[in-house]
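Notes to accompany the following structure.
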Amino acid sequence: MSSEDFNARRSTTPSGDPRTNNPLLGPSNPLVSELEQEVLDEYSRLLENVNKLSDTLADLAGSPASLTLDGLRLLERKTATVYTLLKASVYSIVLQQQIITEGEAAAGQQQNIEGASVMTSMTGGEGDTMTQ
């Protein structure tokens, strides 16, 4: 089946803006409630998107497979590059957090050591001077 046959069979709706062809799709119709109008508008947008998708698929079906494969290979390379960069960024963030945590732990230990030496100098040595 050629792409012209596919395009000829593709759409069962009239071409052009559906609002101009169907009086119910107009915003000032008293027979349609606001909710019904929103649903009709959404269906109209859905129809446009499906027709765009159909056109794109027809273009893909009409183009040589080698061009499609080349495009997919390029996309695969770009995706792999983005994945590698993302992994490196996450690793860098985790490593920075680990360094910060270790630095805070070392600072806390240093403060504990300094606090203990101050307490030792205040008591006069190893034991309590009051009991000796």
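The values are calculated or read from the model by the stated rules, or taken from the named source; none is laboratory data. Predicted, not measured: the structure shown is a model, and the values here were computed from it. Note that we place each Cβ from the backbone using ideal geometry, even for glycine, and neighbour counts take in every protein chain shown.
Exactly one residue out of T81, T101 is surrounded by 10 or more Cβ atoms within 10 Å (Cβ to Cβ), β-branched (V, I, T), in a helix (DSSP H, G or I) and modelled with pLDDT under 95, and it is T101. Taken over the range 10-38, the residue count meeting the criterion of being modelled with pLDDT of 70 or more, loosely packed, with under 12 Cβ neighbours inside 10 Å and assigned to a helix (DSSP H, G or I) is 3.
Considering every residue within the range 65-72, establish whether at least one is at pLDDT 95 or above, within 23 Å of the chain's Cα centre (by Cα) and hydrophobic (A, V, I, L, M, F, W, C). Checked against the condition, which is being at pLDDT 95 or above, within 23 Å of the chain's Cα centre (by Cα) and hydrophobic (A, V, I, L, M, F, W, C), the range 65-72 yields no hits at all.
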